[in-house]
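Undergrad: Before I ask anything, let me first share the structure, which is written out below as structure tokens.
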């Protein structure tokens with residue numbers, strides 16, 4: 001048996017590698033640089049953790065989030081691996097102790113925040129470690145953070161090029177779950193990776209079930225969605241802090257356990273809520289996008305976007321926080337006309353240069369096309385990342401294909417109404433004119449005398465919102481940031497108005513196929529008496545050690561224990577996720593629980 005396979009089985013308790021893990025590990029062991037793109041839950045950490053154990057010296061892992069460092073170090077300590085972290089959560093004495101251990105060769109992995117690389121003190125420490133015991137490798141996690149045009153840009157990542165300048169002989173792994181082709185090129189160029197070796201795993205997350213709904217009554221829609229996830233953990237993303245606070249309070253009033261998370265909260269409250277979420281079996285985190293990057297909780301069963309994200313990359317990464325354990329999970333996006341207007345206004349009002357604004361608009365257009373498409377969600381999402389796949393058969397489009405209708409006449413009516421009213425008003429006012437509503441504003445501006453007044457009475461307000469939203473998404477309309485979202489025609493609208501171009505629109509649904517609301521088939525062994533006893537034992541152990549429960553044993557491990565019911569210590573090593581150290585540390589307690597629950 002090879003050293004890497006022996007390490008995989010004896011330390012981590014896994015029987016075999018997945019995807020390109022083994023190829024990345026062998027490449028790193030040989031001293032090569034690489035960019036590794038693997039979706040969330042695909043096992044990126046093993047790609048640097050196993051080489052860290054097998055190469056001489058200390059492995060340094062650059063990670064952007066304190067919580068992620070703590071969780072990974074906790075998990076490594078449970079495996080019997082000497083690991084520590086250096087970040088702002090440590091006081092001076094604690095940080096000095098970690099530095100002394102690193103110098104003394106008492107650590108195999110050291111997690112550090114990227115800003116440490118900007119200090120002379122830490123770079124001197126690395127030089128000393130390299131001279132005394134050697135450096136095994138540098139692992140740069142969440143590498144997409146160095147892209148200045150990305151959705152998670154962190155300026156401190158730009159200084160990581162220093163690693164190549166001062167430690168050119170040390171292999172470097174740049175790892176991320178999401179990066180389009182320009183971002184990949186930017187990572188390789190900026191980090192000066194010595195080879196163009198790129199390992200790209202499939203971006204497909206087959207256990208995720210995608211749905212996109214027209215936003216009409218968002219709270220009612222969310223409540224209906226949550227019926228299938230009553231006792232599960234999930235994340236609900238909102239665009240504003242105020243909305244986060246209000247929605248979290250409402251969910252609690254509705255009988256759900258929910259916590260808010262956003263940048264306007266104190267650091268202490270954010271940290272406490274994050275730890276509660278990570279440790280809980282059933283909790284909803286209502287959050288802005290300030291929450292999530294690096295969250296390692298494997299049993300997140302759903303992610304809901306109450307507002308559209310900024311791009312498909314952001315959507316992929318945020319939905320990727322669901323189902324990291326490989327079990328079924330649901331992701332749902334509510335998508336409305338106001339979302340489109342607000343995102344376009346955000347781009348127009350930003351201080352970015354023209355090139356960056358154009359890039360952001362292209363990214364938003366790709367997201368809107370995804371929302372409006374009548375094609376399988378998974379097919380379109382993976383195509384964006386350069387991957388081809390057949391229809392999944394499980395998303396909202398596959399389960400209930402949308403109807404198409406000839407929207408040419410409706411588009412002409414809407415475009416003409418916007419033009420004749422001066423291109424100075426938002427969608428609500430335009431729809432009032434189309435439907436012949438004599439509102440105060442319609443009368444104030446004398447728009448009841450326009451030739452377009454009342455020409456759209458064949459469609460209700462919801463249908464007209466769908467028409468205008470699709471015209472915006474397809475580029476026939478633009479929202480003017482300086483006029484609070486006033487609609488104006490683009491050059492592309494001319495052929496439609498002249499009757500030279502026809503348009504097909506999709507009929508939208510406000511509720512998905514009933515199949516999307518049905519709870520997945522129960523996983524064998526998950527709710528048995530033995531599984532519940534093991535889960536309770538795990539919770540007690542985790543509370544005693546002050547670590548997340550999944551750092552002890554994952555849910556899959558509990559299920560295998562509950563179904564296979566090992567009776568001897570050597571049989572524990574055949575269970576997924578139980579290596580030598582965990583068998584020695586917890587084996588006797590586990591066997592006693594199994595014996596007690598099966599004796600009757």
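Values in this text are rule-based calculations from the coordinates and carry no lab data. This is a predicted model, so every value here is computed, not measured. Here Cβ is always computed from backbone atoms with ideal geometry, including for glycine, and neighbour counts include all displayed protein chains.
Undergrad: Could you work out how far helix 66-78 tilts from the main Cα principal axis of the chain, as a 0 to 90 degree angle to the nearest 10?
TA: For 66-78 against the chain, the angle is about 40 degrees.
Undergrad: Under a plain spin-label model, where a point goes 7 Å from the Cα along Cα-to-Cβ, how far apart in nm are residue 281 and residue 128?
TA: About 4.7 nm, to one decimal.
Undergrad: Moving to a separate point now. Among rounded, prolate and oblate, which fits the stretch 3-200 when a ≥ b ≥ c are the square roots of the eigenvalues of its C-alpha gyration tensor, a/c under 1.5 means rounded, and a/b larger than b/c means prolate?
TA: rounded
Undergrad: Another question, then. Once the Cβ-Cβ distance between residue 224 and residue 245 is put in as r, and R0 is 35 Å, what FRET efficiency do you end up with, to the nearest 0.05?
TA: Using R0 = 35 Å, I get an efficiency of 0.95.
Undergrad: Please report the base-10 log of the normalised intensity I(q)/I(0) for the stretch 274-331, using a Debye sum with one equal scatterer per alpha carbon and no solvent, at each q in 0.16, 0.23 (1/Å).
TA: Log10 I(q)/I(0), no solvent term: -0.46, -0.98.
Undergrad: Here is a follow-up. Between residue 598 and residue 420, what is the spin-label point distance in nm, taking each point 7 Å from the Cα along the Cα→C-beta axis?
TA: 7.8
Undergrad: In degrees between 0 and 90, to the nearest 10, how far off the longest principal axis of the chain does helix 44-54 point, with axes built from Cα atoms?
TA: Its long axis makes an angle of about 20 degrees.
Undergrad: Let me have the relative contact order for the chain, percent, based on Cα pairs under 8 Å that are six or more residues apart.
TA: For the chain, the relative contact order is 14 percent.
Undergrad: If you count, for each residue, the other Cβ atoms within 10 Å and average over each peptide, how do 20-27, 59-66 line up from highest to lowest?
TA: Peptide ranking by packing, descending: 59-66, 20-27.
Undergrad: Same structure, new question: Tell me the label-point distance for the pair residue 545, residue 200, using the 7 Å Cα-to-Cβ offset, in nm and rounded to one decimal.
TA: 3.8
Undergrad: Using only alpha carbon pairs under 8 Å that are at least six residues apart, calculate the relative contact order of the stretch 31-115 and give it in whole percent.
TA: Relative contact order of the stretch 31-115: 38 percent.
Undergrad: So how tilted is helix 354-372 from the main axis of the chain? Cα-based, degrees 0 to 90, rounded to 10.
TA: The helix 354-372 is inclined about 80 degrees to the chain.
Undergrad: Right, another one. Over all distinct Cα pairs, what is the inverse of the mean 1/r for the chain, reported as the Kirkwood hydrodynamic radius in Å?
TA: Hydrodynamic radius (Kirkwood, Cα only) of the chain equals 26.4 Å.
Undergrad: Test of understanding: extend the Cα→C-beta vector of residue 404 to 7 Å, then name every residue of the stretch 350-386 with backbone N under 14 Å from that spot.
TA: 373-376
Undergrad: Calculated FRET efficiency, residue 18 and residue 445, Cβ-Cβ r, R0 45 Å, to nearest 0.05?
TA: 0.10
Undergrad: Could you tell me which of rounded, prolate or oblate describes the stretch 1-55, using a ≥ b ≥ c as the square roots of the eigenvalues of the alpha-carbon gyration tensor, with rounded for a/c under 1.5 and, failing that, prolate when a/b is larger than b/c and oblate otherwise?
TA: oblate
Undergrad: How do 92, 405 rank when sorted from fewest to most other Cβ atoms within 10 Å of their own Cβ?
TA: 92, 405
Undergrad: Consider a paramagnetic label point 7 Å from the Cα of residue 89 along Cα→Cβ; state which residues of the stretch 39-72 have an amide N under 11 Å from it.
TA: 65-72
Undergrad: How do 555, 253 rank when sorted from fewest to most other Cβ atoms within 10 Å of their own Cβ?
TA: So the ranking, lowest neighbour count to highest, is 253, 555.
Undergrad: Show me 539-546, 419-426, 393-400 ranked by packing, highest mean number of other Cβ atoms within 10 Å first.
TA: Going from most to least packed, we get 393-400, 419-426, 539-546.
Undergrad: Does a label point 7 Å from the Cα of residue 54, set along Cα-to-beta-carbon, have any residues of the stretch 26-44 with amide nitrogen under 18 Å, and which are they?
TA: Flagged as within label range: 26-36, 43-44.
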